[in-house]
Amino acid sequence: MKIPSGLKRAAVLLFILGAGATLALADTAGAPAAAGAPAAAGTPAAGGGMTHRMMMLIMQLGAILFAAKIGNMIFEKLKLPGVLGELCAGLVIGPYLLGALPLPGLLPQGLFPMHDRFPVSPELYGICSLAAIILLFMTGLETDIKLFLRYSIAGSLVGLGGVVASFLLGNLTGVFFSPMLFGRQLGFFSPACLFLGIISTATSVGITARVLSDQRKLDSPEGVTILAGAVIDDVLGIILLAIGLGVIGGLKHSGSVNWAHIGLIAAKAIGIWLAATVVGLLAAHKISFLLKTFRERSAIASMALGLALLLAGLFEEAGLAMIVGAYVMGLSLSKADVAHVIREKLEPIYALLVPVFFTGMGMLVNLRLLGSRNVLLFGAVYTLIAVIAKVLGCALPALACQFNLRGALRVGCGMLPRGEVALIISGIGLAAGLLTPEVFGVSVLMTLVTTLAAPPLLVGLFRNPAAGLRESAGQPAAAKPVVFRFPSSRTVNLLADRLMEIFEAEGFFVHTLSHDDQIYQIRKGHTVISMTAGPDSISFDCPPADIPFVNTAMYEVLAELEQTIRELRTPIDHDAIAKTVQAPVQGFSLRSAMLRFLDAGALQPRLQGSTKQAVIEELLELLNRQGLIDDTDAARQSVFQREQVMSTGMQHGLAIPHGRTSGVNRLVCAIGLKRDGVAFDSIDGQPTRIVILTLSPAMTAAPHVQFMSSISQILDENGRQQLLACRTAGEMHAVLTQTDQRHARRRHWFHRPAH
């Protein structure tokens, strides 16, 4: 059997990476554990063998997942970032609060006991480390290289200014307060002060991006500058971490500051990072090609994550942090056409593990140590300095890049929140014994405060619609989108679905950026096309060179649709299909469906109208009085348009007028009885006595057809007779939902129809 050349190259690449990882492990075998790292296996306070430790890990993960989700939901209900809720959940269930409470007969030392004075077990800390790698890998994947390059000058100056100011002031704050915190004077290059400076440099752009998106300012000059600056911030923060760890290691080895050695460490860290990034970006499409030889999308994502884990380990062995390697791999693949496929397929793993990381970081905080006067004073000063340093450090360079004072403050406040990178760096410092639990708690406190402060500041600054650029500064002209307009949303949805099928058949990867707004990104190699399906149009944002391709694809779809329309002009037996709608189905329970969508207030036992149009108008007004319709005109138009296409008069005196409309946000239904009948163009030519009007949202999923089918099944010959015998809305509701009429009358006492 001949092995495809692509698979051969993939095997060679994986073999090389695997060999490198094996050599790295061989070099470190037998090396002593880092001081202060989580306790070695076998030292948990709870004792027990491997089975017991795995049992504890499984139970801890279960508790963490529940606590993280509850914390996330509570904070999002309060309009706060959900990640802060996960952090606070860790504070609550950790060993310093509820986690150490004994459970007699089951867990005598609690679910989260201390492990050799470390708050989490080695197994749980390992999972948190894996989650941090995945988090940074996904962050690298989401980096927009083109946006970064477009605003690279302003973004670089803003990011660099924020990093320099934050590092210097954060470090010096630690130096100034060291006698109070540590009982002795520390120097600028002491491990604790270096970490305090590095922690304050990071920026969490996710919080800012959410606020900018809500304010529709994500593509504003301030927005793109913040996004580009955040990339620089994260990169420099990670490089500073690598340099800091190198300096600390050098000080431990020689006991003094060797500037030549520090310069060598800095050059090594920057050189390795820069070389790996450049090589990764240049080889991105080769790596993408290799990954695509696995064909199945889940396999592509799994192999990409495997490469990220291998590179993370190699970076750790080279003296840089694992998260640097993960970020470099994500950054390398960010411009590949499989980037969104990887993100999409890894999203479930991300959603599972990343909350475990943030909750685990919260568990490391000893709230009792934060209660002392000295620690609280230092925490307040450190947090204030972190705010001032980041805002001024980023705003001043922005002033030099054609932003006015308002725009510069927007940029500075947008760079304010710390987040995942700051927590990762803090966790590394605590695990390595370079930070005390008190200082770690202060860093978490600073992260919480800056993250909470940024959104209201940004909203207030953007409340004034004035421009953030000086008058002489102009924005680059945006490329004009290609727009195709159509008569209705149904046509748009039909064509959009077929277009995506054509793109995928051409070898493109289609990624859904927003289900609600119907925004898609289509990627293949260097080609990136954005497609948005609106209520009456499909628009494309793409380079001019790709416009002919987009026009050709649309032409082919329209030609297919025209051919389908011609085929449908062949006579179809509509009556035969309509008759089968009311065919009985055995063993089909419909009560739950009726209870969900029927309201006695929308049931009318005595319709007054004498024509089809009058009856429909009467039922529409009934729904409107119940507050079930947002836009009556839109609802009316959708129903009568459907009637023009084909009458909804069925047989046996039943009619089901319906429509999909923007006038409702969920499926609603009104039912009326006309005992003497009304002409409804029924397929059997008989008058209609039962009229069922249903409305469904046009742009979101609703069980429209399923509900109409359920109604038809209930109203068999016996059901129609029972319904026509009803004199009140409550009796109608009881028949349709197959409930006891006495209960129905009590439940719907206030919905009695007027006589």
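None of the figures in this text is laboratory data; all of them are computed from the coordinates on show. Just so we're clear, the structure is a prediction, and the values are computed from it rather than from any experiment. Here the Cβ positions follow ideal geometry from the backbone for every residue, glycine too, while neighbour counts run over all protein chains shown.
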Pairs to check: Lys345/Lys524; Lys390/Lys480; Lys335/Lys480. Give those whose C-alpha atoms are more than 27 Å from each other in this structure. Lys390/Lys480
Estimated D of segment 394-445 in µm² per second, where Rh is the Kirkwood radius over Cα pairs and Stokes-Einstein applies at 10 °C, 1.306 mPa s: 124 µm²/s
With x for Gly and Pro, the residue-by-residue ³J(HN,Hα) of segment 639-650, computed from phi through the Karplus equation 6.51 cos²θ - 1.76 cosθ + 1.60 at θ = phi - 60° and given in whole Hz, is 5, 6, 4, 5, 5, 5, 5, 6, 4, 9, x, 8
Between Ala283 and Leu367, what is 0.36 nm times their sequence separation minus the Cα-Cα distance? Round to one decimal in nm. 25.5 nm
Placed amide H near Gln604: partners under 5 Å, 5+ positions off or other chain: Ile671, Gly672, Leu673
What residues have an amide H closer than 5 Å to that of Gly534, excluding those fewer than 5 places away on the same chain, when H is modeled at 1.01 Å from N in the peptide plane? Ser539
Run the numbers for Asn493 and Ile349: contour at 0.36 nm per residue of separation, minus the present Cα-Cα distance, in nm. 48.8 nm
Packing-based order for 527-534, 456-463, 397-404, 556-563, using average beta carbon neighbours within 10 Å, highest first: 397-404, 527-534, 456-463, 556-563
Going by average Cβ neighbours within 10 Å, how do the peptides 340-348, 485-493 rank, with the highest at the top? 340-348, 485-493
